[in-house]
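Visitor: After the structure tokens below, expect a handful of questions from me.
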Amino acid sequence: MSIERKPPHGARSQDLRFVIETELENDGRWIAEISQVPGALAYGSTKEQAINKAYAIALRSVADDVEHSQAAPPNLISLERSIA
């Protein structure tokens, strides 16, 4: 299953979007992943917890990239994935 989530209303770019894939593991834990952001993968005891953790990791990763970049960030950042 995948969902699309936007950052909070006060975020700098209203166009930043993540597609988050979720799956229920055999042991009952949920896993959420944003494949376009390396390392944005998290487990949770609930689907929402896993999504929130992966989303936070992705935001931190994007913020770190922007902070250490010499170029201005793009006006539009779109992270989407087709589900096969």
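The values are calculated or read from the model by the stated rules, or taken from the named source; none is laboratory data. All of these numbers come straight from a predicted model, not from anything done at the bench. A quick note on method: Cβ atoms are made from the backbone with ideal geometry, for glycine too, and the neighbour counts reach across all protein chains shown.
Visitor: Pairs please, first residue from the stretch 32-58 and touching a residue at least 12 places away in the same chain (Cβ under 8 Å) and farther than 13 Å from F18 by Cβ, second anywhere and among the basic types (K, R) and assigned to a loop (DSSP other than H, G, I, E, B), Cβ atoms under 8 Å, 6+ apart in sequence or on different chains.
Guide: Final answer for the pair search is Y43/R29; G44/R29; S45/R29; A50/R29.
Visitor: If I filter the stretch 7-36 down to residues being surrounded by fewer than 17 Cβ atoms within 10 Å (Cβ to Cβ) and at pLDDT below 60, which single residue comes out as nearest to A54 (Cα to Cα)?
Guide: Checked the stretch 7-36; the qualifying residue nearest to A54 (Cα to Cα) is P8.
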